[in-house]
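First the structure, in the form of structure tokens, and then the observations on it.
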Amino acid sequence: MGSLNVPTRASLLGRIEAQAWDLIVIGGGITGAGVAQQAARRGWKVLLLEQRDFAWGTSSRSSKLVHGGLRYLKEGDIKTTLHSVWERERLMREAPALVQPQSFLFADCAGRKPGRWLMQTGLMVYDLMAGQRSHFYAKLARTRELAPGLNPPNLRGALVFLDAKTDDARLVQRVLQEAQTDGAVCLNYAAAFELLLEHGQVTGVTVEDAVHGGRYTARARAVVNATGAWADRLRAHLGAKPMLRPLRGSHLLISHARLPVTQSISMMHVKDGRPVFLYPWEGCTLIGTTDLDHQGDLNTEASITTAEVDYLLDAVNDQFPQAHIGRADIISTYAGVRPVVDDGQADASKATRDHVAQDECGLITLTGGKLTTFRLMAQDALALAAPHAGKAFARDKAVLFTPASQHPQWSAPVRERLQARYGRHAASWAASATPDELAFVPTTQTLWVELRLAAQNESVVHLDDLLLRRTRLGLLLPRGALDHMDRIRTLTEPYLQWGDAGWDAELARYRSLIARHYGLPMR
Ligand SMILES: Cc1cc2nc3c(=O)[nH]c(=O)nc-3n(C[C@H](O)[C@H](O)[C@H](O)COP(=O)(O)OP(=O)(O)OC[C@H]3O[C@@H](n4cnc5c(N)ncnc54)[C@H](O)[C@@H]3O)c2cc1C
């Protein structure tokens with residue numbers, strides 16, 4: 001119910017048919033955002049369509065690690081590891097505070113795999129790829145200092161190394177912002193409904209406005225299908241055989257005070273030897289993840305199961321046996337579906353995480369892969385789209401993010417936070433923020449002003465857009481942040497203009513959503 005900036009949305013919808021597009025990108029996750037950004041920067045006329053909210057799909061439900069991919073190294077995939085390490089370094093350099101270094105600690109326990117020497121060899125190669133030495137072996141006393149309470153059976157030390165973390169939904173938003181600055185039109189709640197075909201080639205799509213219900217026809221020289229786990233659905237319009245294996249991964253968020261880690265504790269699950277981790281994220285401790293074939297309807301949000309909750313709690317309590325973390329400690333949960341290309345592996349965790357870029361009748365499908373390598377993936381898609389779009393294309397290493405602006409009166413933590421989220425717009429958008437708005441929401445690293453700025457500038461249509469993706473307060477605070485609703489409403493209602501009935505409807509929708517998909521499953 002309700003929408004922000006109706007004139008702006010209306011004017012964007014009006015442009016769908018008025019313009020001949022070079023490229024239509026379907027899907028507003030990190031993959032689609034990356035393609036839109038790379039194309040718009042090259043001067044292509046780009047329209048991006050997202051059926052729900054930006055990052056509503058997997059790109060707000062990942063483990064939020066911008067990682068070099070140690071697991072690819074273990075599987076001998078040097079190329080993927082190298083690309084991931086380089087992209088990680090680039091993102092940390094260009095978007096510091098949005099993509100931040102995170103120290104990882106892997107407990108070395110007598111009798112458990114992988115042993116110290118295997119890990120150390122892998123980490124040496126990993127460091128070589130990044131061109132720096134970041135790993136070391138911590139003896140038992142040092143391990144206990146670095147991770148108080150860590151006490152798995154037979155602990156004798158730990159390997160410590162560096163990787164990076166982010167806020168995935170904000171990364172998408174920042175990439176979209178760059179694309180928009182370069183002229184891309186990006187619409188949420190606008191689904192590509194049907195493919196338009198001429199002489200067997202895809203020449204556009206019909207678009208359904210999920211806010212007001214209108215239908216539009218968008219024509220383009222090239223169309224990219226960046227719909228992640230949904231990619232087979234659009235391909236089915238061309239009669240193409242399915243190629244994806246949807247795999248669900250779920251996470252728990254608990255209060256940082258209950259498990260106050262500063263390191264990311266990385267481990268192999270005692271039951272099945274799968275990698276699992278927990279780490280400090282946005283003022284909470286995040287625990288993940290699982291890897292299971294997902295049978296549910298993709299258009300219904302995925303949810304964690306009781307078995308997954310127990311599996312993740314077992315992992316934590318194995319590493320921190322005195323912490324006794326239980327269901328009562330869980331603030332929220334979330335689940336996402338990986339768009340994994342089906343390579344016939346029996347074990348889901350061993351299925352390839354590589355991406356696919358392919359051209360079928362002018363529909364360029366780009367799926368699989370991960371957050372970290374979105375820039376390289378986008379260039380693969382544009383290489384295929386360029387001949388259709390009648391454009392010259394060359395891969396490049398141009399800077400992704402334009403430098404962030406700042407305000408002289410901001411403290412360092414406020415500056416970092418705003419620059420990470422709003423980049424070049426940080427100073428102009430937040431210049432009028434009051435001291436109250438520049439305070440942190442208790443127990444989180446979120447500034448109150450982020451709510452207002454989202455409502456004002458970031459195409460918020462529903463309350464869950466505001467609380468689950470523009471900010472993450474719905475995940476970070478008990479009861480989905482409902483206890484703060486008065487202040488949230490005061491800050492945002494001048495811009496959302498929902499009216500009393502609209503707020504009531506949004507609250508009812510949000511309550512039901514968080515109860516069904518972001519809490520604990522019923523036993
Ligand atoms: C549990 C889990 C943990 C992960 N952890 C990490 C990690 O730590 N690091 C990492 O690098 N990667 C990680 N990944 C992988 C990464 O999250 C995904 O590869 C990435 O988010 C996929 O992005 P995407 O844009 O391709 O798909 P999505 O984010 O799903 O975006 C596709 C979008 O297309 C939209 N769409 C579908 N059909 C239509 C249509 N007809 N019209 C318009 N829009 C449509 C959907 O609504 C959706 O928003 C993880 C994945 C999972 C599931």
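Screening the candidates 359, 354, 347, 342 for the property of being among the acidic types (Asp, Glu) and within 13 Å of the ligand (Cβ to nearest atom) yields one hit, 354.
Scan the stretch 124-145 for residues that are open to solvent by less than 30 Å² (accessible area, probe 1.4 Å) and either part of a loop (DSSP other than H, G, I, E, B) or more than 16 Å from residue 89 (Cα to Cα) (or both) and report the count. Qualifying residue count, the stretch 124-145: 4. Restricting attention to the stretch 459-482, the residues being in contact with a strand residue (DSSP E or B) (Cβ under 6 Å, 6 or more places away or on another chain) and either open to solvent by less than 10 Å² (accessible area, probe 1.4 Å) or under 17 Å from residue 495 (Cβ atoms) (or both) number 2.
Test residue 95 against the criterion of being open to solvent by 40 Å² or more (accessible area, probe 1.4 Å) and of a type in the set (Gly, Ala, Ser), and give yes or no. Considered against the rule, which asks whether it is open to solvent by 40 Å² or more (accessible area, probe 1.4 Å) and of a type in the set (Gly, Ala, Ser), residue 95 comes out as no. Are any residues in the stretch 45-85 more than 14 Å from the ligand (Cβ to nearest atom) and either open to solvent by 10 Å² or more (accessible area, probe 1.4 Å) or of a type in the set (Gly, Ala, Ser) (or both), and if so, which ones? 45, 73, 74, 75, 76, 77, 78, 79, 82 - these are the residues of the stretch 45-85 that are more than 14 Å from the ligand (Cβ to nearest atom) and either open to solvent by 10 Å² or more (accessible area, probe 1.4 Å) or of a type in the set (Gly, Ala, Ser) (or both). Checking each residue in the stretch 10-28 for being open to solvent by less than 20 Å² (accessible area, probe 1.4 Å) and within 16 Å of the ligand (Cβ to nearest atom) picks out 13, 16, 21, 23, 24, 25, 26, 27, 28. Within the stretch 66-117, the set of residues being of a type in the set (Val, Ile, Thr) and without any contact (Cβ under 8 Å) to a residue 12 or more places away in the chain comprises 78 only. Within the stretch 29-44, track down each residue that is more than 12 Å from the ligand (Cβ to nearest atom), of a type outside the set (Phe, Trp, Tyr) and surrounded by 24 or more Cβ atoms within 10 Å (Cβ to Cβ). Of everything in the stretch 29-44, those that are more than 12 Å from the ligand (Cβ to nearest atom), of a type outside the set (Phe, Trp, Tyr) and surrounded by 24 or more Cβ atoms within 10 Å (Cβ to Cβ) turn out to be 37, 38, 39, 40. Where strands (runs of 3 or more DSSP E) fall wholly inside the stretch 255-325, the ranges with 1 or more residues that are touching a residue at least 12 places away in the same chain (Cβ under 8 Å), in contact with a Gly (Cβ under 8 Å, 6 or more places away or on another chain) and buried (at least 19 other Cβ atoms within 10 Å of the Cβ) are 275-281, 284-288.
The residue that is farthest from the ligand (Cβ to nearest atom), among those in the stretch 184-233 that are touching a Gly at 6+ places or on another chain (Cβ under 6 Å), within 26 Å of residue 353 (Cβ to Cβ) and among the small types (Gly, Ala, Ser), is 226.
Where helices (runs of 4 or more DSSP H) sit wholly within the stretch 358-449, those with at least 1 residues that are hydroxyl-bearing (Ser, Thr, Tyr) and either open to solvent by 60 Å² or more (accessible area, probe 1.4 Å) or at positive phi (or both) occupy 426-430.
Within the stretch 234-243, take every residue that is surrounded by 15 or more Cβ atoms within 10 Å (Cβ to Cβ) and not basic (Lys, Arg) and give me the one that is nearest to the ligand (Cβ to nearest atom). Looking at residues that are surrounded by 15 or more Cβ atoms within 10 Å (Cβ to Cβ) and not basic (Lys, Arg), I get 234. One residue stands out among those in the stretch 99-114 that are within 14 Å of the ligand (Cβ to nearest atom) and under 19 Å from the mean Cα position of the chain (by Cα): the one that is most open to solvent (accessible area, probe 1.4 Å), which is 100. Residues in the stretch 299-339 that are small (Gly, Ala, Ser), within 20 Å of residue 264 (Cβ to Cβ) and either within 12 Å of the ligand (Cβ to nearest atom) or modelled with pLDDT under 95 (or both): 336 alone. Summed over the stretch 326-357, residues that are assigned to a loop (DSSP other than H, G, I, E, B) and in contact with a Gly (Cβ under 8 Å, 6 or more places away or on another chain) total 3.
Within the stretch 500-523, restricting attention to residues that are in a helix (DSSP H, G or I) and touching an Asp or Glu at 6+ places or on another chain (Cβ under 9 Å), which residue is most open to solvent (accessible area, probe 1.4 Å)? Here the answer is 516. When the criteria are applied in full, residue 68 meets the requirement of being touching a strand residue (DSSP E or B) at 6+ places or on another chain (Cβ under 7 Å) and more than 21 Å from residue 465 (Cα to Cα).
The values are calculated or read from the model by the stated rules, or taken from the named source; none is laboratory data. What you see is a predicted model; the values in this text were computed from it and never measured. Note that each Cβ is placed from the backbone with ideal geometry, even for glycine, and that neighbours are counted across all protein chains shown. Accessible surface is based on the protein model in full, side chains and every heavy atom, while ligands, DNA and RNA are left aside. Shrake-Rupley method; radii C 1.70, N 1.55, O 1.52, S 1.80 Å.
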